[in-house]
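Visitor: Here it is, the structure, as structure tokens.
The values are calculated or read from the model by the stated rules, or taken from the named source; none is laboratory data. All values reported here derive from a predicted model rather than from experimental measurement. Backbone-built Cβ (ideal geometry, glycine too); neighbour counts: all protein chains shown. Remember, those area values only see protein heavy atoms, side chains included, never the ligands or the DNA or RNA. Shrake-Rupley method; radii C 1.70, N 1.55, O 1.52, S 1.80 Å.
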Amino acid sequence: MAAHYKTHGLKMLSEHATHDAGGIGIEAGITEMLERMQTGRLKVFRGQDQWMEEFRYYRREDGLIVKERDDLISSTRYALMMRRFAKQPPSVERWKPKPQYSGWGGVISGISVPKCVTQHWLCLEFANPNRGTSPGARP
């Protein structure tokens, strides 16, 4: 199957998914997923109905995780296990408003923003001046 994916240009890692320490334990992966969800470091987009259905169905019987209807949950767990290989885009310099610019169009929560930004949803990201986000950037 890997050869088939490679012929279609899919970039794959040369090893199977493992935790940072090297194991493949399901319990450790589930614990990490739960911890990240509770602390807001793992979020599932609204509208991911199949993922949410699997999450609601996920359960234990006799203390063991039931491995049924868990493909998306398992894929998420594998992605977390291998995040050490993820590549981040180059950092973007923090956007700083320049009030002396003549094209400024408004103030949102005490921050001057350009007219083009006030006309789009991006202005909502500037509600907290201490967040440090820039137009188009995601936290």
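Visitor: Order 10, 64 by their accessible area, 1.4 angstrom probe, all chains in place, largest first.
Guide: Sorted by accessible area, descending: 64, 10.
Visitor: Right, something else. Under 5 Å between amide H atoms, partner at least 5 residues away or on a different chain: which partners does residue 42 have, H built in plane at 1.01 Å?
Guide: Placed amide hydrogens put 37 under 5 Å from residue 42.
Visitor: Arranged from highest to lowest average of other beta-carbon atoms within 10 Å per residue, in what order do the peptides 53-63, 32-42, 81-91 appear? Working shown, then result.
Guide: On the way: 53-63: 10.7, 32-42: 12.3, 81-91: 8.9.
Sorting 53-63, 32-42, 81-91 by mean packing, highest first, produces 32-42, 53-63, 81-91.
Visitor: Enter the accessible area per residue of the stretch 1-76 (Å², integer; probe 1.4 Å; all protein chains in place).
Guide: Accessible area per residue: 81 Å².
Visitor: Just how much of residue 44 is accessible, in Å², when a 1.4 Å probe is used and the result is rounded to the nearest 10?
Guide: Estimated to the nearest 10 Å², residue 44 gives 50 Å².
Visitor: Can I ask one more? What is the sum of charges, Lys and Arg at +1 and Asp and Glu at -1, for the other residues whose Cβ falls under 14 Å from the Cβ of residue 85?
Guide: Here the count lands on +2.
Visitor: Once all Cα-Cα distances of the stretch 10-58 are split into 5 Å bins that start at 0, what whole-number percent is in each one?
Guide: Histogram of Cα-Cα distances, whole percents per bin: 5, 16, 18, 22, 20, 16, 4.
Visitor: What FRET efficiency would be calculated for the residue pair residue 35, residue 87, taking the C-beta separation as r and a Förster radius of 30 Å, to the nearest 0.05?
Guide: Efficiency computed from Cβ-Cβ geometry: 0.80.
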